[in-house]
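Please read the structure below before turning to the comments.
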Amino acid sequence: MHLRARSRVFVSLLLALGALAGCAPSAVGPMVMRLGPGNAAERILQAGIRTGPRLSAPISGSRDGIGEKAMFSGDTSTFALQQWGLAFDAAMTWPLTERLHLHTGIQGEMFLPLPLPGYGVYAGVSYYLGSPTLGIAPSVALRGASDFGIGSSVGGPGSMAGAEATCALSFSPEPGVSVGVVPFLALHTLSSHGVNDRSVYYGGVLAARLSWGWFDSVELSGGFGRAKVGKSASWNVPIVGVRGGR
């Protein structure tokens, strides 16, 4: 088969797979976790996997004809993939000044071998206050994500846009090692099949960052959040994340 024809077939298969097995976007977070002052002269790229709620699940599951894949189960099934997902996450930190840093990131839902809808982007800023050993870093970030209306997507279809605020308290016992507590609060607007609603997502994580081998930093995070959509739907959200950076 000609190379160009093979490429067309491959792309068609990927599109078909995405239509059959897409995922609604998960609200990975906290979006910005600045543990320590960071490097004032160099950018750092991080990539890994993080978890979060599929905030569109309650409103997509309330629509007739969407199917069981979109049904919302709440606290009776905390790890149900219809309302909780794993996403590939890549982020770049850009130092603007010694204290002020810009954070940008992208996400793709974890459906191997490739990330498939939904996709998302986020961007925010943080400001560090304190010494190299102990400090706080308040931040704000904006997020947008969508599965582009794929009717058979897990937890969807759904799109979201919103903002998040965090305030990381970190301690660095030695160079290259930081630990911290990162509470967060996020507000989103959601849409699914013409239904619009609002959500509140809040919680906190314990996080650690250390140098390890080839990586300038390895970041581990874990905690819990609570997602609330509209006036009645709410559920607990386990948060787990691991990212490596250079």
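The values are calculated or read from the model by the stated rules, or taken from the named source; none is laboratory data. Bear in mind the structure is a predicted one, so any value in this text is a computation, not a measurement. Cβ: placed from backbone, ideal geometry, glycine included. Neighbour counts: every protein chain shown.
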| Checklist (1) at pLDDT below 95; (2) closer than 24 Å to I106 by Cβ applied to G194, failing item | (2)
| request: Output the number of the condition that S234 fails; it satisfies all remaining conditions of (1) part of a loop (DSSP other than H, G, I, E, B); (2) more than 18 Å from G118 (Cα to Cα); (3) touching a helix residue (DSSP H, G or I) at 6+ places or on another chain (Cβ under 9 Å). | output: (1)
| message | Restricting to the stretch 201-246, count the residues that are modelled with pLDDT of 95 or more, surrounded by fewer than 16 Cβ atoms within 10 Å (Cβ to Cβ) and closer than 20 Å to S60 by Cβ. | response | 2
| said: If A41 satisfies all but one of (1) modelled with pLDDT of 90 or more; (2) under 29 Å from W214 (Cα atoms), what's the number of the condition it fails? | reply: (1)
| Are there any pairs with C-beta distances below 6 angstrom linking a residue in the stretch 159-178 that is under 20 Å from N196 (Cβ atoms) to a residue that is of a type in the set (S, T, Y) and surrounded by 15 or more Cβ atoms within 10 Å (Cβ to Cβ), with the two at least 6 apart or on different chains, and if so which? | S159/S146; S159/S191
| Condition met for G213 (more than 14 Å from the chain's Cα centre (by Cα) and touching a residue at least 60 places away in the same chain (Cβ under 8 Å)) | no
| query | Any residue in the stretch 165-181 that is within 17 Å of T51 (Cβ to Cβ) and of a type outside the set (V, I, T)? | reply | no
| If we scan the stretch 50-58, do we find a residue that is over 27 Å from L206 (Cβ atoms), in a loop (DSSP other than H, G, I, E, B), touching a Ser or Thr at 6+ places or on another chain (Cβ under 6 Å) and modelled with pLDDT under 95? | yes
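Condition test on G204, is it under 15 Å from G180 (Cα atoms) and in a strand (DSSP E or B)? Full working, then the answer.
Details: under 15 Å from G180 (Cα atoms): yes; in a strand (DSSP E or B): yes.
Criteria met by G204.
Answer yes or no as to whether R198 is basic (K, R), touching a residue at least 40 places away in the same chain (Cβ under 8 Å), out of contact with any Pro (no Cβ under 6 Å at 6 or more places or on another chain) and in a strand (DSSP E or B).
When the stated conditions are applied, R198 does not pass them.
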| Taking the condition within 19 Å of A207 (Cβ to Cβ) and not charged (D, E, K, R), does L134 pass? | yes
